[in-house]
Amino acid sequence: MPDTIAIILAAGLSRRMGAQNKLLLPVAGVPMIRHMVAIYYAVTQQPVCVVTGHQAEQVYAALAGSPAVTLFNADFVQGQATSVACGLRGAGTCDRLLIGLGDQPLLTPADLTALLRAHDAGDRAKISIPKTGDQRGNPIVVPHALRAPLLADPHAPGCKKFTRSHPEHVQFHQLTQPGFYADVDTPTAYAALTETRQEKVTS
């Protein structure tokens, strides 16, 4: 049984990006969602579960030949909680799940490793969430034993309500790496990302 399986949520409507699906925009020369799969795979060395919904066929095409397995969320228009539930149900058995977003291209394998090490150094029976100040980040680490409780409420499955209603099952780790807290939701955010990456290459 693998230690860690990653679930990447990639089903959203991408409304704030306008006409473009943010997950298909290029990052490091490949579609953003493919870039994210590579980041997670570098740490888990296991097929990465990608939950699709909006423009699923285009996302499939972007992932062709990558170490990804896709799970289609037929209820994706109902919100992110349904995608989390889809991933929880469809991911294979493992010690812990690493549940993240498809639009966090500043994340690095070192960031994910730091989160997993913090989780292991803490209470492994709790959900681990990165935090800086009052800001919660992503991804989060979910131990195997809490997968069923996260699915227990059919009206609000997933992590958001559960982690706020059951603080006894949650631990926060002070991690300051910007990748945990930066997502690319808007054309302005994508332009800033592109400029930053160009500056790093040319500096």
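The values are calculated or read from the model by the stated rules, or taken from the named source; none is laboratory data. Being a predicted model, the structure only gives us computed values, none of them experimental. All Cβ positions, even for glycine, are placed from backbone atoms using ideal geometry, and neighbour counts span all protein chains on display. In case anyone asks, the SASA skips ligands and DNA or RNA and just uses the protein heavy atoms, side chains included. Shrake-Rupley method; radii C 1.70, N 1.55, O 1.52, S 1.80 Å.
Assorted remarks:
- The residues listed here are ASP134, ASP111; of these, the one that is at pLDDT 95 or above and of a type in the set (D, E, K, R) is ASP111.
- If you check VAL184, VAL170, VAL141 for being at pLDDT 95 or above and under 17 Å from the mean Cα position of the chain (by Cα), only one passes: VAL141.
- Here segment 55-86 is the region considered, the condition is being buried (at least 18 other Cβ atoms within 10 Å of the Cβ) and more than 18 Å from MET32 (Cβ to Cβ), and the residue that is nearest to the chain's Cα centre (by Cα) is VAL84.
- Selection over segment 126-137 of residues that are under 19 Å from ILE8 (Cβ atoms), touching a residue at least 40 places away in the same chain (Cβ under 8 Å) and open to solvent by 50 Å² or more (accessible area, probe 1.4 Å) gives a count of 0.
- Filtered residues of segment 147-167 (kept if under 16 Å from GLY87 (Cα atoms) and part of a loop (DSSP other than H, G, I, E, B)): LEU151, ALA152, ASP153, PRO154, ALA156, PRO157, GLY158, CYS159
- Just one of the listed residues (LEU115, LEU88) is in contact (Cβ under 8 Å) with a residue 40 or more places away in the chain, under 21 Å from PRO154 (Cα atoms) and part of a helix (DSSP H, G or I), and it is LEU88.
- Only residues that are within 30 Å of ALA28 (Cβ to Cβ) and either open to solvent by 50 Å² or more (accessible area, probe 1.4 Å) or hydroxyl-bearing (Ser, Thr, Tyr) (or both) were counted across segment 145-171, and they come to 1.
- Flag for ASP123 being without any contact (Cβ under 8 Å) to a residue 60 or more places away in the chain and exposed (fewer than 14 other Cβ atoms within 10 Å of the Cβ): yes
- Leading residue by the ranking (most open to solvent (accessible area, probe 1.4 Å)) among those in segment 1-45 that are among the hydroxyl-bearing types (Ser, Thr, Tyr) and part of a helix (DSSP H, G or I): TYR41
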